[in-house]
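J.: Dropping a structure here in structure tokens format, bear with me for questions.
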């Protein structure tokens, strides 16, 4: 792998053949990054231009992320028009902002002009308004207007994700006219999967997929091929709703209409895949107590600050749980085995509740859990809590008796575990459902509430039952 | 919403216009399900056939899930050839298996014949081999061979996900010939986004996207449009790798080749979206201690059994942690405040470790964390642990002093928190990395190891430091 592959291939082959970017596991070869860094320091412009032109934007993004901060900016500057700015959408926000600031509005505006509108919006939306303005000011009026209009749509809306380049045809054309139109128009979108029929005022009439066009003879009227029922989205729809629709109905593109049913853009599946991954990322991180904007390239202090709040909330609930232990100080002193076993009751409840909560959060996110099956699912979770509660009451009870040789302790811990697993199950399912109902994100907030319940119920039931059973008052 | 909409629309409108399936929130209207159930009981075949023909397969799947088990089978039987079997791929595995078993191999084989190969494989792969055989036996030899070949590929491989219907052309044709071929061939795949150039032995030559075809005039040779560098996948590639490639390079379809570079199928983006959602689902559930095959329609006992194992492992680790408390029984008796505060130390460490672990698991899954940045990320996490450790040492220490009026207790709990947050950070990042290295799934196993570390280190450091500080031996 470390051998110098430059010699093995002919000199006129593509640069990437002689100097492969990735090893067989798909990881970037350190030698590759070094060569590029070397070329940047040596100002070897022809070699850099050749590499940058050959790389896919996604690979170019990975290369940028792997370079030192100063080299990143130099690479963009040295390669000029060969540099595809959509590669900057592939790197972390922090890295992108650094680069864009260093480059200055003039250069960025040049790069933005080459992008499809959705990529341009993605690049601009991370910047603050002042920087956006500076860049937009350097664009020709028409391009500026389009981007400004897209940026007016709310964040995470279909309007922000759509591209404004698309092909429209009058519904009374035939297949031949549509094909001739595409052959004669030089400035078509980079990739497209369907064309749209609109009336003179740009009102949506229907979609025609390219495969439908290609199977039909030239005289066939488009009206025969138009799918009027094609699902479309409103520019104000949330991207998560749009992604769910794409997933459900297997779409590759969806027309975006404004409130008057005029076609204003197209959302394509590649943007939707990004949304799906983003949303999965957010839910996973939220359940783990990490803010969704934390990135691998963030500094130690940024990350520590981002995680601090969640830990602070958790500390408060931990003190709340411990204050329950504090209520029973006298009993703990009399029977220290209770102090040793109490965390087990809390922990089993917490884990069972987390299982339920995970399922609930996921089912709410995918809309599998709704008002039509809520009652059944809540009952089922309570029963699952009861079944596993009884199972672990027996196991834990026997283990406690074997350890401390106090039969009553087995009964007490068993009863407490049943209480706590049922309470955890109910908390695990009801809390996310309530949060969803009040329009809070169940993934973000459920965890704290749920483990507070299982800690408090676990300690209270265990020590309360022990007080009664052993007469410890 | 509850008004009877039947009267408002003309009788010749599509049935769904008069009887909408969903309310404005996209949830299925209970009245709709009732009407369908009623029609099933009344054997109102024309109405059922009309509804089933109008519904998208995804909506038909949702309708089936909402019906009572007996009605589901009746609906399929009553609507016969109008029923699209791909709707069965939209429901939970348990529901699908029940229906397929009730229907009998003859009817299922009829339905499978109408499906694209990838949908047929998806329907069959959930069944056990005996049932598969019975159904395959009822198919014409050619269709049976195709499906059997696909089912020979390993589970979760590209070979299982691909459809075997695709369009190939000789590389020496021109645009006009390709278009004429598509116009003249009646049996084209249902949807397609590109066509493929292959030689006489079916060896891959390149891909031609439909938009490239449509922008070009008839005499243009296909050779000018062929993308030879198009990313393709091997039939044995794991679906997760395939999904990552689609996401990275914004593909809508990818040709699948066998070991001799012969084109054997095509994976399309709609299947990949399913894979992405499946994988996100698996990671999320694994982190929450739920097996990935748990479904909302499972019975109480199935679910309780599935979750039991994880809780059992957790119980063992909880006993391990409590045994550390047991080592310090004497100290706990002398100073009961230690018993009250110990869970706080464990809990803060556990939550900080979970944050780190969540980020690590996600970064490993997306390949953002690899050998080239491992050292940097590990160091960063350790530092984040230290920073937040110091912050919470101060907060918790002051709170402990305020509560118990013992200044030394604040110092002890503070030091223990620093130890535990650093230990948790290291465990949270290193354990997933080691699991990934030994080819275990980090999402499934990390949680147990990590919280065991923070429980044990938390209890041990707190009580150990307390013993030294207060001379409690």
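J.: State all residues of the stretch A:264-289 that are farther than 30 Å from residue A:447 by Cα and crowded, with 20+ Cβ neighbours inside 10 Å; if no residue qualifies, say none.
T.: A:264, A:265, A:266, A:267, A:268, A:269, A:271, listed by residue number.
J.: Here's another thing I want to ask about it. Taking the condition of being out of contact with any strand residue (DSSP E or B) (no Cβ under 8 Å at 6 or more places or on another chain) and either part of a helix (DSSP H, G or I) or in contact (Cβ under 8 Å) with a residue 12 or more places away in the chain (or both), how many residues in the stretch B:232-250 meet it?
T.: Residues flagged as out of contact with any strand residue (DSSP E or B) (no Cβ under 8 Å at 6 or more places or on another chain) and either part of a helix (DSSP H, G or I) or in contact (Cβ under 8 Å) with a residue 12 or more places away in the chain (or both) within the stretch B:232-250 amount to 6.
J.: Please work out if residue B:73 is at pLDDT 90 or above and at positive phi.
T.: no
J.: Determine whether residue A:434 is out of contact with any helix residue (DSSP H, G or I) (no Cβ under 8 Å at 6 or more places or on another chain) and in a helix (DSSP H, G or I).
T.: So residue A:434 passes the test.
J.: Exactly one of these conditions fails for residue B:396: (1) assigned to a helix (DSSP H, G or I); (2) within 21 Å of residue B:445 (Cα to Cα); (3) facing chain A (nearest Cβ under 7 Å). Give me its number.
T.: With respect to (1) assigned to a helix (DSSP H, G or I); (2) within 21 Å of residue B:445 (Cα to Cα); (3) facing chain A (nearest Cβ under 7 Å), residue B:396 is out only on (2).
J.: Ok, one more. When you scan the stretch A:288-302, how many residues do you find that are in contact (Cβ under 8 Å) with a residue 24 or more places away in the chain, at the interface with chain B (Cβ under 7 Å from one of its Cβ atoms) and either farther than 30 Å from residue B:252 by Cβ or assigned to a helix (DSSP H, G or I) (or both)?
T.: So the answer is 1.
J.: On to the next question. Within the stretch B:453-467, can one find any residue that is over 29 Å from residue A:327 (Cβ atoms) and surrounded by 22 or more Cβ atoms within 10 Å (Cβ to Cβ)?
T.: Scanning the stretch B:453-467, I find at least one residue that is over 29 Å from residue A:327 (Cβ atoms) and surrounded by 22 or more Cβ atoms within 10 Å (Cβ to Cβ), so the answer is yes.
J.: Would you please name the residue that is farthest from the other protein chains (Cβ to nearest Cβ), looking only at residues in the stretch B:155-196 that are in a strand (DSSP E or B) and surrounded by 17 or more Cβ atoms within 10 Å (Cβ to Cβ)?
T.: Among those that are in a strand (DSSP E or B) and surrounded by 17 or more Cβ atoms within 10 Å (Cβ to Cβ), it is B:157.
J.: If you check every pair at least six apart or on different chains, which have Cβ atoms under 6 Å apart with a residue in the stretch A:303-329 that is more than 8 Å from chain B (Cβ to nearest Cβ) first and a residue that is surrounded by fewer than 22 Cβ atoms within 10 Å (Cβ to Cβ) and not in a helix (DSSP H, G or I) second?
T.: Pairs that qualify, where the first residue is more than 8 Å from chain B (Cβ to nearest Cβ) and the partner is surrounded by fewer than 22 Cβ atoms within 10 Å (Cβ to Cβ) and not in a helix (DSSP H, G or I), are A:306/A:291; A:306/A:294.
J.: Another question, if that's okay. Would you mind finding the one in B:359, B:266, B:272, B:340 that is assigned to a helix (DSSP H, G or I) and more than 7 Å from every other protein chain (Cβ to nearest Cβ)?
T.: On the way: B:359 fails: more than 7 Å from every other protein chain (Cβ to nearest Cβ); B:266 fails: assigned to a helix (DSSP H, G or I); B:340 fails: more than 7 Å from every other protein chain (Cβ to nearest Cβ).
Being assigned to a helix (DSSP H, G or I) and more than 7 Å from every other protein chain (Cβ to nearest Cβ) holds for just one of B:359, B:266, B:272, B:340, which is B:272.
J.: Based on this model, can you work out whether residue A:393 counts as touching a helix residue (DSSP H, G or I) at 6+ places or on another chain (Cβ under 9 Å), surrounded by 24 or more Cβ atoms within 10 Å (Cβ to Cβ) and under 21 Å from residue A:460 (Cβ atoms)?
T.: Criteria not met by residue A:393.
J.: So residue B:229 ticks every box in (1) within 15 Å of residue B:163 (Cβ to Cβ); (2) within 14 Å of chain A (Cβ to nearest Cβ); (3) not in a helix (DSSP H, G or I) but one. Which box is left unticked?
T.: (1)
J.: Now a separate question. Please verify whether the stretch A:375-389 includes one or more residues that are over 27 Å from the mean Cα position of the chain (by Cα), surrounded by 23 or more Cβ atoms within 10 Å (Cβ to Cβ) and at the interface with another protein chain (Cβ under 7 Å from one of its Cβ atoms).
T.: Scanning the stretch A:375-389, I find at least one residue that is over 27 Å from the mean Cα position of the chain (by Cα), surrounded by 23 or more Cβ atoms within 10 Å (Cβ to Cβ) and at the interface with another protein chain (Cβ under 7 Å from one of its Cβ atoms), so the answer is yes.
J.: Right, residue B:365: within 30 Å of residue B:243 (Cα to Cα) and within 11 Å of another protein chain (Cβ to nearest Cβ) or not?
T.: Working: within 30 Å of residue B:243 (Cα to Cα): yes; within 11 Å of another protein chain (Cβ to nearest Cβ): yes.
Yes; evaluated as a whole, the condition is true for this residue.
J.: Among (1) at pLDDT 95 or above; (2) under 24 Å from residue B:279 (Cβ atoms), there is one condition residue B:397 misses while meeting the rest; what is its number?
T.: (2)
J.: If you don't mind, another one. Looking at (1) within 7 Å of chain B (Cβ to nearest Cβ); (2) over 35 Å from the mean Cα position of the chain (by Cα); (3) crowded, with 24+ Cβ neighbours inside 10 Å, which is the one condition that is false for residue A:348?
T.: The one condition residue A:348 does not meet is (2).
J.: While we're here: Output the residue which, of all residues in the stretch B:197-208 that are out of contact with any helix residue (DSSP H, G or I) (no Cβ under 7 Å at 6 or more places or on another chain) and either outside any loop (DSSP other than H, G, I, E, B) or under 28 Å from residue A:166 (Cβ atoms) (or both), is nearest to the other protein chains (Cβ to nearest Cβ). Full working, then the answer.
T.: Here is the first cut: in the stretch B:197-208, the ones out of contact with any helix residue (DSSP H, G or I) (no Cβ under 7 Å at 6 or more places or on another chain) are B:198-207.
Imposing the further condition that a residue be either outside any loop (DSSP other than H, G, I, E, B) or under 28 Å from residue A:166 (Cβ atoms) (or both) reduces the set to B:198, B:203-207.
On the way: B:198: 18, B:203: 20, B:204: 18, B:205: 18, B:206: 16, B:207: 13 Å.
Across the stretch B:197-208, the extreme among qualifying residues is B:207.
J.: Tell me, yes or no, whether the stretch B:209-218 has at least one residue that is away from chain A (no Cβ under 14 Å), free of Cβ contacts under 8 Å to residues at least 12 places away in the same chain and part of a helix (DSSP H, G or I).
T.: Scanning the stretch B:209-218 turns up no residue that is away from chain A (no Cβ under 14 Å), free of Cβ contacts under 8 Å to residues at least 12 places away in the same chain and part of a helix (DSSP H, G or I).
The values are calculated or read from the model by the stated rules, or taken from the named source; none is laboratory data. Just so it is clear, the model here is predicted, and its values are computed rather than measured. Glycine gets a Cβ as well: all are built from the backbone with ideal geometry, and neighbour counts include every protein chain shown.
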